[in-house]
Amino acid sequence: MNSEDTPGTTLAQRIESLRRANSPAGGRPASDAEVATAIASTGGRMNENTLYRLRTGLTVNPTMETLSLLARWGGVTPDFFFPDCAGDDPAQYREIKTALDRPDVRRIALRLADMPPDRVAALERFLEVS
């Protein structure tokens, strides 16, 4: 991930990185109007001016509903917008979220969380060989 892909720590930077991460390879990021339209197509309501103000840092304290709509559009959870709570790579964040949506993966991850580090390392070595 290069510095342009790093979400940064401000809400504006994280929204902008999410727009870039959701653009087609080599394509331009969605405009504020396109994002607002996409959100509307899922039943949400967001004014393109609101998105512009958030993305440019003119507004810094959105409602939780606004963050939830942006998160749903971007394929992340609202945690993504809080740097202390989230990963920095929107694509990796979506991959992890997608993996944890699978009940079998979630069960295994929860079991791993309770295992001693040496057993997790042994399991990781086993998976690398397989």
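A few notes on this one:
- Rounded if a/c under 1.5, otherwise prolate or oblate - the stretch 67-130, Cα gyration tensor axes: prolate
- For the stretch 24-77: relative contact order, % (alpha-carbon pairs under 8 angstrom, 6 or more apart): 31 percent
- Each peptide among 95-106, 10-21 gets the average number of other Cβ atoms lying within 10 Å of its residues, and from highest to lowest they stand as 10-21, 95-106.
- In the context of the full set of protein chains, the stretch 44-88 has a per residue accessible area of 59 Å² (1.4 Å probe).
- Using θ = phi - 60° and Karplus 6.51 cos²θ - 1.76 cosθ + 1.60, couplings along the stretch 109-117 (whole Hz; Gly, Pro as x): 4, 5, 5, 4, 4, 8, 7, x, x
- Eigenvalues of the alpha-carbon gyration tensor of the chain, scaled by 5 and square-rooted, set the equivalent ellipsoid semi-axes at 33, 15, 14 angstrom, largest first.
- Normalising the average separation of contacting C-alpha pairs (under 8 angstrom, six or more residues apart) by the number of residues puts the relative contact order of the chain at 23 percent.
- Nonpolar atom fraction for the chain, defined as the carbon and sulfur part of the 1.4 Å probe accessible area, stands at 54 percent.
The values are calculated or read from the model by the stated rules, or taken from the named source; none is laboratory data. Because the structure is a prediction, the values reported are computed rather than measured. So basically every Cβ, Gly included, is an ideal-geometry build from the backbone, and we count neighbours across all protein chains shown. Calculation scope for accessible area: heavy atoms of the full protein, side chains included, ligands and nucleic acids excluded. Shrake-Rupley method; radii C 1.70, N 1.55, O 1.52, S 1.80 Å.
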